[in-house]
């Protein structure tokens, strides 16, 4: 299948304030299409301090972490980065009860937007660890932003997890709660709008 080069839709979670017990952000991605793979750009931004920065992310398939170099190499080659270790016998850390301390982190985090191609009938997990702030009453404010090239039959949900792997109230974003970002319409030069301070 030929994937279009220009994104068709950008989805955002909006700003999310972390629950005090949230230790990780889990993004679950499903491509339920029967034949077409889906290309997606994943950003998880920390808006606590400006300018916003990418939060370090780890990508897992079948419970095994994907090497960031494999993602870059396969995306540049036009191959499918998610087809590397498609062994169904691998233990799926996200299928049973999840303990964050049990997750084996093999590769360093990816601190930039991730471009992935998700095969048909496939699921990927992206885990991000928000920074810990030492200032009391200053929780992390994050946003999940997804750029989709084909949004049909593509589902995502996100969960803020505590240390025991349980979703935290206020940090769960289901697919229908993401909203579409639209660029602002251009303002005609003939229309003079008053400039106002904040």
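Cβ crowding within 10 Å, taken as a proxy for footprinting-reagent exposure, orders 25, 144 from fewest neighbours to most as 144, 25. Among 179, 58, a tally of other beta-carbon atoms within 10 Å of each Cβ gives an order, fewest to most, of 179, 58.
Working out 0.36 nm times the residue gap between residue 120 and residue 138, then minus their Cα-Cα distance, what length gain in nm do you get to one decimal?
Details: separation 18, 0.36 × 18 = 6.48 nm, distance 4.06 nm.
Computed gain between residue 120 and residue 138 is 2.4 nm.
Sorted fewest first by neighbouring Cβ atoms within 10 angstrom, 158, 12, 180, 125 come out as 180, 12, 125, 158. Between residue 53 and residue 174, the distance separating the two model label sites (each 7 Å from Cα on the Cα→Cβ line) works out to 3.5 nm. With a simple spin-label model that places each label point 7 Å from the Cα along the Cα-to-Cβ direction, the separation between residue 35 and residue 129 comes to 4.3 nm.
Each value in this text was obtained by applying a stated rule to the coordinates, not by laboratory testing. In this text, all values refer to a predicted model and were calculated from it rather than measured experimentally. Every residue, glycine among them, receives a Cβ derived from its backbone with ideal geometry; neighbour counts consider all protein chains shown.
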